[in-house]
Amino acid sequence: MKINLDTKSEITWCPGCPNHMILAATKETITNFIKHKKYTQKDFAITTDIGCHAKIFDYLNLSGIYCLHGRALPTAIGMKLGNPNLKVLAFVGDGAMYSEGMAHFIHAFKYNANMTLVLHDNQSFSLTTGQPTPTSQQGYISKASPLGTFDRPFNPIKLALASNATFVARTSAKDTPHMVETLTKAINHNGFSFVEIIQDCLVFNIETNSKDNLMHKIQDNEDLKKAERLADEFDYNSKSGKIPIGVIYQSEEKSLEEKWPQLKKQYKKRINTTRRPKIQSKLIPIKKPILTKKPIPPKKSTPTKQKEHKYGKKSKEKSSKKSNT
Amino acid sequence: MKLNIIIGGAAGQGINKVSQIFSNVLSEHGYFTFNYRDYASLIRGGHNFNTLAVSNILIESHDAHADILVAMDKRSIKTHKQALKKNGILITGDQFKDLGRNINVALAGALTKILGIPLSALESEIKSQFKKPTEALEAAEKGYKTYRTSHELPKLKNHPTILAGSQAIAIGAINSRLQLYIAYPMTPATNAMHELAKDQLKNNLMVFQAENEISAASMALGASFAGTKVMTGTSGGGFDLMGETLSLQGISEIPLTVYLASRPGPGTGVPTYTAQSDLDIALRAGHGEAPRVVIAPGNPTEAIEKTSEALFLAEKFKTLSIILSDKHLAESEFSSINKPNKTPDFKIKRLIPGKNIVKKSSYETDKFGNSTESYTLTERNTDNRLKKYNDIQKYVRENFEMIKIHGKKKSRNLIVGWGSTSGAIKDAIHNLDAKFLQVIYCKPLSQQIKKEIQNADNVILVECNVTGQLGRLIREQTGIEIRNRLLKYNGRPFHTDELNRLIKSLI
């Protein structure tokens with residue numbers, strides 16, 4: 001099937017806005033999934049909030065709802081309740097999710113629907129001309145806060161870990177391959193995956209921009225204690241700390257679709273495609289059962305970590321070939 | 001023949017058990033009952049009471065005055081002494097103190113004897129309700145022996161079934177093969193949620209409790225988009241929170257059905273009592289202009305029919321359907337022999353994600369479903385939404401019952417009312433020269449209403465709110481102002497005897 005994720009809508013983000021790169025990374029990730037016949041284009045559904053980030057809705061040829069401010073997440077969970085076989089991605093902004101939609105954010109971890117939350121964090125309400133959000137740094141001066149923001153920003157990664165998150169990752173909008181890798185892992189995760197994309201805004205709250213030199217890539221982590229330490233490294237406030245990027249925490253727990261018998265029944269039979277996606281060997285190597293007497297021989301095939309890395313590389317190679325010719 | 005029994009006590013003493021057991025006995029005996037529940041927002045203590053009305057004909061309301069008072073505690077005697085008629089009978093719970101938990105069974109025994117019903121009727125009811133009935137049977141016999149028969153009720157051939165409004169909403173939804181109900185608890189809408197949750201697996205249904213009403217409505221919209229038959233339910237305060245989603249429904253045209261069970265407001269108001277004060281928000285909640293359907297059933301039979309119709313219309317016209325009820329309808333127990341009309345069955349035939357690429361938006365959209373700010377498209381989309389309202393009106397007029405006329409059809413005295421007040425009006429005009437126009441569809445509004453009002457000499461509006469919301473709606477749609485208004489807004493529904501007196505004074 002021909003993959004066409006483009007739409008005819010005019011892209012109205014500012015020139016140079018990192019949203020362009022997030023769009024490119026999203027397209028690449030989804031294209032890879034479709035190319036590898038894991039899902040079809042029709043299997044995907046997206047929801048977006050209101051804000052600069054949300055314009056991505058108009059630029060992606062995927063099913064979805066362009067929701068109200070702060071409501072992309074509950075609407076997305078609703079889609080999963082309606083059809084558990086949809087691959088749902090919710091694109092939200094820091095302003096919408098943490099201010100208007102905070103209750104939904106915390107509860108989403110509890111429900112653990114098998115979907116992905118992509119959070120664009122530029123630490124300001126940019127489409128409404130730069131008011132402070134819950135992750136804006138202390139002292140941020142905007143038209144709405146001429147005296148400077150008095151409050152310390154809170155740490156959504158810590159909040160997510162405290163809310164029983166099963167997948168928390170952070171990536172940078174300036175690093176497309178890392179975004180593709182992280183989004184791929186997030187979509188592959190069985191359960192609710194939260195990906196925070198650190199993003200600059202070129203027009204508002206520019207003093208928080210260019211944190212790239214603070215970022216360091218981390219190995220996929222399954223240890224909660226370590227995850228908490230990693231979350232503490234960046235406080236969204238000062239430029240002194242380090243910013244870990246990568247999968248900060250991942251664990252296995254039953255997803256919404258597996259918990260509810262009504263959804264489980266539908267979840268097994270795929271309604272729309274004959275191709276049942278092969279469950280790729282999971283990112284986390286399954287721990288050896290304690291009770292078995294015989295040691296399990298190690299599998300010949302290496303875990304898919306590398307495979308997934310290839311996703312990015314493959315398409316990159318192709319595109320580079322094209323450009324060469 | 002009509003008898004009223006007030007059963008009073010503290011919360012937790014089991015007054016509902018008495019009325020439940022005894023109304024089942026009465027139904028088996030062929031009598032119609034109506035059970036009004038008056039309770040405070042607490043779990044133990046305080047003072048609660050039920051008024052159980054009994055009749056040999058169909059009734060849907062209760063009187064203020066009682067023939068029998070069953071008092072579980074002293075407070076009940078004090079509170080209801082005034083309401084007891086001159087030759088009324090007082091039954092106290094004190095005399096059965098030593099029976100412990102079975103005190104309510106003994107009281108049901110006493111009532112059975114007083115109304116001249118054989119003990120065996122009560123015994124078979126107890127056997128069907130209790131796993132170990134021995135003690136309860138003894139208690140029933142003790143209660144039965146303590147009193148003498150004063151009203152002889154011969155056995156009748158009717159076989160009424162008892163149903164509360166909330167149960168009826170659930171039945172209507174299940175009849176339409178509802179797949180998903182998402183809600184956040186709020187009295188008096190919660191009982192519908194409980195009813196649906198009870199047998200959810202058997203009914204191929206899922207009942208999901210969201211973190212708040214905003215989420216409940218958003219989830220419902222998302223699920224409906226995904227191709228599921230879905231419904232959400234709440235009361236006034238929660239409905240306010242849903243307002244933005246109702247507006248999103250208007251522009252995205254994703255089918256959505258909302259059950260609104262109202263109670264007296266503003267604010268938290270009197271949460272466990274009744275009022276018809278939310279017609280305005282049902283008609284108008286949400287910004288912008290978009291079509292919707294608002295249906296107000298008057299009894300459980302209608303609630304079954306209208307819930308199915310609401311779900312059907314929402315899907316057919318990709319619109320918002322609101323089923324408007326209130327505490328009086330949702331929690332009172334009606335007995336009836338009327339079977340609901342066959343409801344329209346439907347399948348979801350629109351494009352759904354997974355099978356197609358479907359885009360819905362909170363913005364005005366172009367033909368691809370992407371945002372647009374074009375003035376021509378904005379105007380065209382608005383025109384299309386307006387046109388839908390006319391389509392809905394035409395379809396409903398041709399296919400569903402929008403109003404009902406009760407009472408003496410040729411009378412020149414016209415009572416106008418809606419929703420749960422209908423029961424009291426029907427019973428109150430039973431012996432009067434009056435006819436009753438019951439408005440069921442509040443949006444679209446029937447054009448027949450104007451003709452009926454013009455043909456009458458004397459029009460009286462009866463509602464349980466302070467501004468006469470239906471009256472204002474009729475004035476807006478027809479230009480006719482109804483000057484005679486009987487409005488009650490103390491959180492209690494109209495009593496039959498009270499309303500009968502009030503109407504009599506006006507005709």
Exactly one of these conditions fails for B:Arg397: (1) assigned to a helix (DSSP H, G or I); (2) touching a strand residue (DSSP E or B) at 6+ places or on another chain (Cβ under 8 Å). Give me its number.
(2)
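Going by the conditions given, is A:Lys35 facing another protein chain (nearest Cβ under 7 Å) and surrounded by fewer than 18 Cβ atoms within 10 Å (Cβ to Cβ)? It would help to see each step written out before you state the result.
On the way: facing another protein chain (nearest Cβ under 7 Å): no; surrounded by fewer than 18 Cβ atoms within 10 Å (Cβ to Cβ): yes.
Criteria not met by A:Lys35.
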Here is a list of conditions, (1) on the phi > 0 side of the Ramachandran plot; (2) touching a Leu at 6+ places or on another chain (Cβ under 7 Å), and B:Leu221 meets all of them except one; can you say which number that is?
(1)
Exactly one of B:Asn4, B:Asn56 is under 16 Å from B:Asp427 (Cα atoms) and surrounded by 21 or more Cβ atoms within 10 Å (Cβ to Cβ), and that residue is B:Asn4
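Can you give me the number of residues within segment B:187-211 that are touching a Gly at 6+ places or on another chain (Cβ under 7 Å) and either in contact (Cβ under 8 Å) with a residue 60 or more places away in the chain or assigned by TED's automatic domain parsing to the domain that holds B:Ala40 (or both)? So that I can check it myself, show each step before the final result.
Pass one, segment B:187-211, residues touching a Gly at 6+ places or on another chain (Cβ under 7 Å): B:189, B:192-193.
From what is left, the residues that are either in contact (Cβ under 8 Å) with a residue 60 or more places away in the chain or assigned by TED's automatic domain parsing to the domain that holds B:Ala40 (or both) are B:189, B:192.
Final tally of qualifying residues: 2.
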Of all residues in segment A:81-90, how many are surrounded by 24 or more Cβ atoms within 10 Å (Cβ to Cβ), touching a residue at least 24 places away in the same chain (Cβ under 8 Å) and at the interface with another protein chain (Cβ under 8 Å from one of its Cβ atoms)?
3
(1) within 16 Å of the chain's Cα centre (by Cα); (2) within 7 Å of chain B (Cβ to nearest Cβ); (3) of a type in the set (Gly, Ala, Ser) all hold for A:Ala108 apart from (2)
Filtered residue count, segment B:186-210, keeping only those that are within 22 Å of B:Thr228 (Cβ to Cβ) and not in a helix (DSSP H, G or I):
13
Kindly provide the set of residues from segment B:227-241 that are crowded, with 24+ Cβ neighbours inside 10 Å, touching a helix residue (DSSP H, G or I) at 6+ places or on another chain (Cβ under 8 Å) and more than 20 Å from B:Leu313 (Cβ to Cβ), ordered by number.
B:Gly236
Collect the residues in segment B:225-241 that are within 14 Å of chain A (Cβ to nearest Cβ) and in a loop (DSSP other than H, G, I, E, B), keeping them in residue-number order.
B:Ala226, B:Gly227, B:Thr228, B:Lys229
Residue hits (segment A:49-58; more than 9 Å from chain B (Cβ to nearest Cβ) and over 15 Å from A:Asn122 (Cα atoms)) are A:Ile56
Picking from B:Ile254, B:Ile174, which residue would you name as being β-branched (Val, Ile, Thr), closer than 25 Å to B:Thr343 by Cβ and away from every other protein chain (no Cβ under 11 Å)?
B:Ile174
Across (1) free of Cβ contacts under 8 Å to residues at least 24 places away in the same chain; (2) crowded, with 24+ Cβ neighbours inside 10 Å; (3) more than 8 Å from every other protein chain (Cβ to nearest Cβ), B:Gly222 clears everything bar (3)
Failed criterion for A:Asn61 (all others in (1) at the interface with chain B (Cβ under 9 Å from one of its Cβ atoms); (2) crowded, with 24+ Cβ neighbours inside 10 Å hold)
(2)
What number goes with the only condition from (1) within 19 Å of the chain's Cα centre (by Cα); (2) of a type outside the set (S, T, N, Q); (3) assigned to a helix (DSSP H, G or I) that A:Gly64 does not pass?
(3)
May I ask you to verify whether B:Asp63 is touching a residue at least 60 places away in the same chain (Cβ under 8 Å) and either β-branched (Val, Ile, Thr) or in the same structural domain as B:Gln13 (by TED's automatic domain parsing) (or both)?
yes
Given (1) more than 24 Å from B:Pro271 (Cα to Cα); (2) in contact (Cβ under 8 Å) with a residue 60 or more places away in the chain, identify the lone condition not met by B:Ile57.
(2)
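Anything in segment B:422-476 that is basic (Lys, Arg) and more than 22 Å from B:Lys327 (Cα to Cα)? List them, or say none. First the steps, then the outcome.
Filtering segment B:422-476 down to residues basic (Lys, Arg) leaves B:426, B:435, B:443, B:450-451, B:472, B:475.
B:Lys435, B:Lys450, B:Lys451, B:Arg472, B:Arg475 - these are the residues of segment B:422-476 that are basic (Lys, Arg) and more than 22 Å from B:Lys327 (Cα to Cα).
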Exactly one condition in (1) closer than 20 Å to B:Ile295 by Cα; (2) in a helix (DSSP H, G or I); (3) within 14 Å of another protein chain (Cβ to nearest Cβ); (4) not small (Gly, Ala, Ser) is not met by B:Tyr181; state its number.
(2)
With respect to the numbered conditions (1) within 9 Å of chain A (Cβ to nearest Cβ); (2) more than 22 Å from the chain's Cα centre (by Cα); (3) outside any loop (DSSP other than H, G, I, E, B); (4) in contact (Cβ under 8 Å) with a residue 40 or more places away in the chain, which one is the sole condition not fulfilled by B:Ala217?
(2)
Among the residues of segment B:103-143, what is the count of those that are exposed (fewer than 15 other Cβ atoms within 10 Å of the Cβ), more than 18 Å from B:Glu28 (Cα to Cα) and either in contact (Cβ under 8 Å) with a residue 40 or more places away in the chain or under 31 Å from the mean Cα position of the chain (by Cα) (or both)?
0
Checking the structure you have, find out if any residue of segment B:454-475 is outside the structural domain of B:Pro291 (by TED's automatic domain parsing), in a loop (DSSP other than H, G, I, E, B) and closer than 19 Å to B:Gly407 by Cα.
yes
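The values are calculated or read from the model by the stated rules, or taken from the named source; none is laboratory data. Quantities reported herein were computed from a predicted structural model and do not represent experimental measurements. Note that we place each Cβ from the backbone using ideal geometry, even for glycine, and neighbour counts take in every protein chain shown.
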